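The values are calculated or read from the model by the stated rules, or taken from the named source; none is laboratory data. This is a predicted model, so every value here is computed, not measured. Ideal geometry is used to build each Cβ from the backbone, glycine not excepted, and the neighbour counts take in all protein chains shown. For the accessible areas, the whole protein counts, side chains as well, though only heavy atoms, and no ligand, DNA or RNA atoms are used. Shrake-Rupley method; radii C 1.70, N 1.55, O 1.52, S 1.80 Å.
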Amino acid sequence: MEFVSNGCLKLTGYKPQDLILNNKISYEKIIHSEDREMVRDEIAKAVKKSKQFHLKYRIITAKNKIKWVSEVGRFFQLPARNLNLLEGFIIDTTAQEKAEEALKEIEEFNKIILSNSPIPIYVMNQDETMRYINPVFEKLTGFSSEEIIGGKPPRPYWIKEMEETYMQNLKKAIKKGAKGLELPFINKKGQKFWVEVTLRPIKSNGKIKYLMGSFVDITERKKAYARLEEILNSTINTLASIVETRDPYTAGHQKRVALLSVEIAKKLKLCERKIRFIEIAAQLHDIGKINIPPSILSKPSKLSDIEFNIIKTHAQVGFEIVKKINFQYPVAEIILHHHEREDGSGYPQGLKGKDIMLEAKIIGVADVVEAMSSHRPYRPALSIKTAIDEISKNKGKLYDPKIVDACIKVIRSKKFQFL
């Protein structure tokens with residue numbers, strides 16, 4: 001060594017004069033034994049090619065501690081003195097190396113956890129390219145990581161006809177995340193499967209860097225639900241047909257009321273679950289007429305007050321029948337309320353305005369429109385215009401204005417018609 005700066009003491013624990021040529025310590029001996037040969041070879045190559053070198057290696061300090069250093073050096077000649085010299089700058093990178101090692105350990109730990117997760121997991125970059133999928137994800141979809149990672153939408157497991165739906169959901173999820181989103185996909189064998197999707201943004205310094213998602217396979221749950229739906233529909237159809245076999249003049253009435261009720265509910269932008277139960281309640285809204293004598297139901301002339309009071313019992317009877325079925329929704333109460341009116345003039349409880357269920361109000365309006373436009377024993381069918389005039393005239397008095405407006409829009413649309 002010809003020259004060693006004063007920083008040597010802080011770095012190595014040795015005084016500069018101890019490392020100068022022919023003094024106590026050789027710098028090469030300070031280099032960790034496992035790295036010594038590599039350093040020697042790399043410097044020899046740089047000298048031979050007269051190139052700059054940049055090395056990372058470990059040293060052993062005077063206190064026998066290991067430190068990482070980064071050395072940048074170059075070979076040059078001094079012809080006047082006939083000298084070949086190496087000039088280098090060495091800095092302590094121990095903290096940086098430890099941080100990088102810790103980061104590698106964290107990344108390796110996370111990779112192990114994700115790889116061994118029993119749940120299909122995926123990670124997307126902010127630009128929607130797929131960054132990572134775990135083995136369970138590969139198994140569920142049938143597509144390998146090579147077929148998915150790095151790719152942008154559409155994904156290979158997307159159903160082609162639903163690509164627009166997937167993209168809309170993806171855009172929303174990127175902004176707000178997603179939880180409990182149920183979607184169908186298709187595996188590599190062409191088999192359809194259902195998953196419940198969760199997706200959340202991963203932020204760094206306040207900005208979204210990645211999006212991490214998971215799938216829960218709900219295919220069997222969906223199949224079981226479909227079977228329950230079939231049983232439920234059969235039950236509803238059976239109950240509805242009991243009334244219609246006793247009252248041929250109102251055959252199909254409940255189905256048509258259900259059809260119009262669903263369209264009104266859609267126009268009001270109600271959620272799918274609420275619309276489904278409105279449909280069920282409408283299909284059963286007259287089930288209580290099973291308790292009314294056919295002679296009254298089919299009477300070709302005006303009903304007496306006593307007979308009309310008997311007819312009015314069907315809402316309460318329908319409630320008593322349906323409340324025994326666990327719909328996990330107040331279907332029985334909807335049936336009970338479907339003849340209540342805004343001003344309290346309805347039956348059986350004389351409820352007003354906010355006290356009447358929205359679902360019942362919808363069915364009530366649809367019931368009036370369908371009944372007026374269909375044939376009855378005591379009169380021929382009236383026109384749709386007459387039915388519209390009736391609900392318009394009593395908008396705000398008997399019927400909820402929003403529901404009346406929605407009903408009129410549905411009827412006047414060319415797409416709607418009673419079956």
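A probe of 1.4 angstrom, applied to the heavy atoms of all protein chains, finds Arg256 with accessible area near 50 square angstrom. Bridging of Lys65 to lysines at a Cα separation below 18 Å is possible for Lys10, Lys15, Lys29, Lys56, Lys98, once same-chain residues fewer than 8 apart are set aside. Principal axis extents of the C-alpha atoms in region 90-233 (largest first, rounded to whole Å): 79, 28, 26. Solvent-accessible surface of region 178-294, taken per residue with a 1.4 Å probe and all protein chains present: 54 Å². For region 366-381, backbone nitrogen atoms closer than 15 Å to the point 7 Å from Ile310 Cα along Cα-to-C-beta are found at no residue.
Remark: accessible surface ordering of Lys207, Lys223 (largest first) is Lys207, Lys223, probe radius 1.4 Å.
The calculated FRET efficiency for His375 paired with Ile290, based on their beta-carbon distance and R0 = 30 Å, is about 0.90. If you wrap the tightest convex hull around every Cα atom of region 114-197 and split its volume per residue, you get 93 Å³.
Figure note: Lys409, Lys393 ranked by solvent-accessible area, largest first, 1.4 Å probe, ligands and nucleic acids not counted: Lys393, Lys409. For the chain, the dipole from Cβ point charges (+1 on Lys and Arg, -1 on Asp and Glu) about the Cα centre works out to 780 debye, to the nearest 20. Heavy-atom surface analysis with a 1.4 Å probe gives the chain a carbon and sulfur content of 54 percent of its accessible area.
With the Kirkwood sum run over all distinct C-alpha pairs, region 167-216 has a hydrodynamic radius of 11.9 Å. Calculated translational diffusion coefficient of region 153-259 (4 °C, 1.567 mPa s; Stokes-Einstein with Kirkwood radius over alpha-carbon pairs) equals 74 µm²/s.
Solvent-accessible surface (1.4 Å probe) assigned to Arg227 amounts to roughly 130 Å². Between Ala381 and His375, Arg376, the built amide H atoms are under 5 Å apart, and every one of these is 5 or more places off in sequence or on another chain. Normalised by the number of residues in the chain, the average gap of Cα pairs under 8 Å and 6 or more apart makes the relative contact order 8 percent. The residues of region 297-417 expose on average 52 square angstrom of accessible surface per residue, using a 1.4 Å probe on protein heavy atoms. Work out the FRET efficiency for Lys274 and Lys414 from their Cβ-Cβ distance, taking R0 = 25 Å, and round it to the nearest 0.05. With a Förster radius of 25 Å, E is 0.45.
Give me D for region 184-321 in µm² s⁻¹, whole number, from Stokes-Einstein with Rh from the Kirkwood sum over alpha-carbon pairs, 25 °C and 0.890 mPa s. Please list the in-between numbers first.
Details: Rh = 19.1 Å.
D = 129 µm²/s.
So if I take the centroid of the Cα atoms in region 375-419 and the same for region 121-148, what is the distance between those two points in Å? Each part's Cα centre sits 53 Å from the other's.
Ratio of Rg to Rh for region 266-419, alpha carbon only, Kirkwood?
Values: Rg = 15.4 Å, Rh = 16.2 Å.
Over the Cα atoms of region 266-419, Rg/Rh equals 0.95.
With contacts taken as Cα pairs under 8 Å and at least 6 residues apart, region 156-244 reaches a relative contact order of 19 percent.
The modelled label-to-label distance between Ser234 and Glu161, using points 7 Å beyond Cα along the C-beta direction, is 2.6 nm.
Sorting Glu28, Glu220 on solvent-accessible area from highest to lowest, probe radius 1.4 Å, gives Glu220, Glu28. Listed by chain and number, the lysines whose C-alpha is less than 17 Å from the C-alpha of Lys414, apart from same-chain residues fewer than 8 away, are Lys266, Lys267, Lys385.
Computed over the chain, the convex hull of the alpha-carbon atoms projects to a mean area of 34.6 nm². In the context of the full protein assembly, Tyr329 retains an accessible surface of approximately 40 Å², using a probe radius of 1.4 Å and ignoring ligands and nucleic acids.
Could you tell me which of the pairs Lys139/Lys203; Lys176/Lys207; Lys172/Lys203 are separated by over 20 angstrom between their Cα atoms in the structure shown?
Beyond 20 Å between Cα atoms: Lys139/Lys203.
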